[in-house]
Amino acid sequence: MIGVDNVIMEFNLNRGKVRSIKEFLFAKVSDDIDKKQMFRALDNVNFQVQEGEIFGIVGNNGAGKSTLLKLLAGIMKPTQGSIKVNGTIAPMIELGTGFDFELSALENIYLSGSILGYGKKFLVEKVPEIFDFSELWDFKDVPVKYFSSGMVARLAFSVSTIVVPDILIVDEILSVGDMSFQKKSYKRMLELMQGGTTVVYVSHDVESLAEMCSRILWLEKGKIRKIGDAKQVCDEYIASLS
């Protein structure tokens with residue numbers, strides 16, 4: 001279902017970037033212009049995710065987790081290596097990605113849904129279901145820029161899960177919003193899993209990772225620290241923090 005082969009992802013930190021004529025002249029004299037300082041966010045990452053598997057990713061901030069999810073979702077391409085993904089993807093990585101915050105909740109359902117590949121007729125039929133789940137009927141004509149982060153999360157999750165995708169990519173969405181929505185989204189996630197959806201799930205909630213996932217990938221400074229049984233890897237990760 002998902003194959004990640006020798007993936008390296010580098011970013012140019014642009015330390016030598018100049019913003020004024022004075023800085024340009026100084027950089028020219030100091031021979032600092034056009035220098036690139038590369039940061040390796042992922043370093044030779046390899047793993048496979050099988051169809052129907054619930055695969056977790058854990059690691060400290062800056063470990064490369066979100067970068068990896070963006071690569072899996074096709075938002076970015078790796079510097080080196082290859083990624084093969086078979087099936088339709090519903091990415092829930094950065095809440096509100098694809099939303100126009102000047103548009104209303106209803107308008108953003110059509111916008112975000114079209115980006116995910118859904119037709120207008122299908123979305124019209126699903127609008128009641130989306131607003132019922134997100135509990136945002138009272139705000140359907142309100143511009144999203146006035147929404148709290150929890151309301152954006154509820155809308156984004158409701159749109160992304162209106163169908164059962166082949167692959168669901170989730171970054172911390174179950175820890176956003178109020179307790180009631182967390183329970184609803186957790187239940188919806190379980191329904192998707194039981195329906196055979198392959199899930200790649202990133203969270204700092206190690207307890208939920210150990211409970212929901214079959215295997216865990218532990219990233220540390222862009223490198224694989226360990227891949228294995230969910231409970232075993234989570235226990236070792238927690239021990240490393242203390």
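The values are calculated or read from the model by the stated rules, or taken from the named source; none is laboratory data. Keep in mind that this is a model prediction, so the values were computed, not measured. Every residue, glycine as well, gets a Cβ built from its backbone with ideal geometry; the counts of neighbours run over all protein chains shown.
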Scanning for something closer than 26 Å to His204 by Cβ, in contact with a helix residue (DSSP H, G or I) (Cβ under 6 Å, 6 or more places away or on another chain) and without any contact (Cβ under 8 Å) to a residue 24 or more places away in the chain, does the stretch 95-109 turn up at least one residue?
-> yes
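A quick yes/no check of all residues on (1) in contact (Cβ under 8 Å) with a residue 60 or more places away in the chain; (2) within 21 Å of Ser214 (Cα to Cα):
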position: Gln37; (1), (2): no, no
position: Gly56; (1), (2): yes, yes
position: Ser66; (1), (2): yes, yes
position: Ser82; (1), (2): yes, no
Of all residues in the stretch 192-242, how many are under 11 Å from Ile54 (Cβ atoms) and at pLDDT 95 or above?
-> 3
Which residues, counting only those in the stretch 179-203, are touching a residue at least 60 places away in the same chain (Cβ under 8 Å), part of a loop (DSSP other than H, G, I, E, B) and not hydroxyl-bearing (Ser, Thr, Tyr)?
-> Gly196
Counting only residues in the stretch 73-101 that are assigned to a strand (DSSP E or B) and of a type in the set (A, V, I, L, M), the one modelled with the highest pLDDT is identified as Ile83
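Given the criteria over 21 Å from Ile109 (Cα atoms), in contact with a strand residue (DSSP E or B) (Cβ under 9 Å, 6 or more places away or on another chain) and of a type in the set (Phe, Trp, Tyr), does Tyr201 qualify?
Working: over 21 Å from Ile109 (Cα atoms): yes; in contact with a strand residue (DSSP E or B) (Cβ under 9 Å, 6 or more places away or on another chain): yes; of a type in the set (Phe, Trp, Tyr): yes.
Judged against the criteria, Tyr201 is a match.
Can you pull out the residues in the stretch 157-173 that are part of a helix (DSSP H, G or I), of a type outside the set (Val, Ile, Thr) and within 19 Å of Val49 (Cβ to Cβ)? Show your work before the answer.
Filtering the stretch 157-173 for residues part of a helix (DSSP H, G or I) gives 157-160, 173.
Next cut, of a type outside the set (Val, Ile, Thr) only: 157-158, 160.
Of everything in the stretch 157-173, just one residue is part of a helix (DSSP H, G or I), of a type outside the set (Val, Ile, Thr) and within 19 Å of Val49 (Cβ to Cβ), namely Ser160.
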Inspect all residues belonging to the stretch 173-180 and state whether any of them is surrounded by 14 or more Cβ atoms within 10 Å (Cβ to Cβ), hydrophobic (A, V, I, L, M, F, W, C) and in contact with an Asp or Glu (Cβ under 9 Å, 6 or more places away or on another chain).
-> yes
Before we move on, is Arg154 surrounded by 16 or more Cβ atoms within 10 Å (Cβ to Cβ) and outside any strand (DSSP E or B)?
-> yes
